[in-house]
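Undergrad: Here it is, the structure in full.
The values are calculated or read from the model by the stated rules, or taken from the named source; none is laboratory data. Since the structure is predicted, the reported quantities are computational estimates derived from the model, not experimental observations. Positions of Cβ are generated from backbone atoms using ideal geometry, with glycine treated the same way; all protein chains shown enter the neighbour counts. Accessible surface areas use protein heavy atoms only, side chains included; no ligands, DNA or RNA. Shrake-Rupley method; radii C 1.70, N 1.55, O 1.52, S 1.80 Å.
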Amino acid sequence: MERSLILVKPDGVQRGLIGEVIARFERRGLRLVGAKFMQVSLDLAKQHYAEHEGKPFYDGLIAYITSAPVMAMVWEGPNAVAAIRQTVGSTKPVESAPGTIRHDFALEVGRNLIHASDKPETGARETALWFKNDELVDWKRDVDRWVFEK
Ligand code: IDP
Ligand code: MG
């Protein structure tokens with residue numbers, strides 16, 4: 001089953017939007033695999049955002065993600081990465097479709113509330129970076145057969 005790392009970033013936590021974000025993924029039918037509320041270390045922030053090192057917004061991005069606690073989660077489902085990116089919306093909130101999280105709750109790219117893995121391989125890599133194996137729960141829901149075709 002495909003997995004995606006989701007972070008409710010510091011602005012989302014401070015604004016009381018953890019529940020809103022979780023509710024949207026639950027309603028979509030995705031299955032929660034792991035969750036922890038945590039302060040991000042500088043080391044983890046740098047590993048997570050390594051692909052952006054050297055870009056003009058990099059220092060601000062590291063400062064943003066380490067500025068206050070985040071809610072880190074792993075969600076899974078068929079095509080979970082694409083489904084979640086769709087529910088999250090575009091990187092720039094003003095380019096996000098109405099009804100997406102970034103459209104509905106954000107205005108600026110540097111305060112866009114949420115992180116979601118961008119590819120299935122990234123989902124696997126980021127899950128391993130943020131969570132130990134024993135922090136992830138392998139489980140079935142009674143409702144799975146009504147949400148997942150197979
Ligand atoms: P994504 O979060 O939609 O995958 P990325 O391009 O991977 O977007 O960028 C990672 C994060 O870096 C964004 O979510 C946003 O918080 C921040 N970011 C990206 N571009 C800019 C920018 O031009 N200015 C400020 N922050 C940016
Ligand atoms: Mg990205």
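Undergrad: When you go through (1) hydroxyl-bearing (Ser, Thr, Tyr); (2) open to solvent by less than 50 Å² (accessible area, probe 1.4 Å); (3) more than 10 Å from ligand 1 (Cβ to nearest atom) one by one for TYR58, which number turns out not to apply?
TA: The single condition TYR58 does not satisfy is (3).
Undergrad: Oh, and also: Just one of GLY54, GLY89, GLY29, GLY110 is of a type outside the set (D, E, K, R) and within 25 Å of ASP142 (Cα to Cα); which is it? Walk me through how you get there before you give the answer.
TA: Working: GLY54 fails: within 25 Å of ASP142 (Cα to Cα); GLY89 fails: within 25 Å of ASP142 (Cα to Cα); GLY110 fails: within 25 Å of ASP142 (Cα to Cα).
Just one listed residue meets the conditions, GLY29.
Undergrad: Here's a follow-up. Applying the selection to the range 1-47, what residues are open to solvent by 30 Å² or more (accessible area, probe 1.4 Å), under 11 Å from MET71 (Cβ atoms) and aliphatic (A, V, I, L, M)?
TA: ILE18, ILE22, ALA35, MET38
Undergrad: Going by the structure shown, is ARG85 within 14 Å of ligand 2 (Cβ to nearest atom), within 12 Å of the chain's Cα centre (by Cα), basic (Lys, Arg) and modelled with pLDDT of 95 or more? So that I can check it myself, show each step before the final result.
TA: Values: within 14 Å of ligand 2 (Cβ to nearest atom): yes; within 12 Å of the chain's Cα centre (by Cα): yes; basic (Lys, Arg): yes; modelled with pLDDT of 95 or more: yes.
So ARG85 passes the test.
Undergrad: Here's a follow-up. Just for the range 61-79: of the residues that are aliphatic (A, V, I, L, M) and in a helix (DSSP H, G or I), which one is nearest to GLN14 (Cα to Cα)?
TA: Applying the first criterion (aliphatic (A, V, I, L, M)) to the range 61-79 yields 61-63, 65, 68, 70-74.
Next, from what is left, pick out any that are in a helix (DSSP H, G or I): 61-63, 65.
Details: LEU61: 17, ILE62: 17, ALA63: 15, ILE65: 12 Å.
Out of the qualifying residues, it is ILE65.
Undergrad: List every residue pair whose Cβ atoms sit under 7 Å apart, with the two residues 6 or more apart in sequence or on different chains, where the first one lies in the range 80-96 and is closer than 19 Å to LEU107 by Cα and in a helix (DSSP H, G or I) and the second, anywhere, is among the charged types (D, E, K, R) and away from ligand 2 (no atom under 12 Å from the Cβ).
TA: THR87/ARG24; THR87/ARG28; VAL88/ARG102; PRO93/ARG102; PRO93/GLU108
Undergrad: Step by step: first the residues of the range 113-142, then only those that are assigned to a loop (DSSP other than H, G, I, E, B) and under 20 Å from TYR64 (Cβ atoms), then the one that is nearest to ligand 2 (Cβ to nearest atom). Which residue is that?
TA: To start, the set of residues in the range 113-142 that are assigned to a loop (DSSP other than H, G, I, E, B) comprises 113, 117-119, 131-132, 136-142.
Pick out the ones that are also under 20 Å from TYR64 (Cβ atoms) and you get 113, 117-118.
Working: LEU113: 13, SER117: 8, ASP118: 5 Å.
Out of the qualifying residues, it is ASP118.
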